[in-house]
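Read through the structure below, which is laid out as structure tokens, and then see the notes.
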Amino acid sequence: MKEQLATVIQAWNSIPIKIMDIRKFALQPGQTIQSYVLPCSVFLLTLQGEAVIYLGQDELHTSGV
């Protein structure tokens, strides 16, 4: 297990992408976040449920694993 983790860390350190900020929100069913400003570059991950994300006039639907 430690060897696998070391391999993954080594791979992450060799790619040109760096994670600079991690934000976690845990919402209850039906709960919303109003007027949250996302950074200019973002990766969203949803787990255990569904989400609707509004970006201006665009509406994105996702379902978690």
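The values are calculated or read from the model by the stated rules, or taken from the named source; none is laboratory data. Since the structure is predicted, the reported quantities are computational estimates derived from the model, not experimental observations. FYI the Cβ positions are ideal-geometry reconstructions off the backbone, even for glycines, and counts take in every protein chain you see.
Annotations
- Taking each residue of the range 35-55 that is within 14 Å of F25 (Cβ to Cβ) and looking for partners that are in a loop (DSSP other than H, G, I, E, B) and hydroxyl-bearing (S, T, Y) with beta-carbon atoms closer than 8 Å, six or more apart or interchain, yields nothing.
- Search result, residues across the range 46-65 that are modelled with pLDDT of 85 or more and of a type in the set (D, E): D58, E59
- Pick from the range 8-34, criterion small (G, A, S) and not in a loop (DSSP other than H, G, I, E, B), ranking: farthest from L47 (Cα to Cα): S14
- A single member of Q34, Q57, Q48, Q10 is touching a Gly at 6+ places or on another chain (Cβ under 6 Å) and exposed (fewer than 10 other Cβ atoms within 10 Å of the Cβ), and it is Q48.
- If you go through the range 27-60 and keep only what is among the hydrophobic types (A, V, I, L, M, F, W, C) and in contact with a strand residue (DSSP E or B) (Cβ under 6 Å, 6 or more places away or on another chain), you end up with A51, V52, I53, L60.
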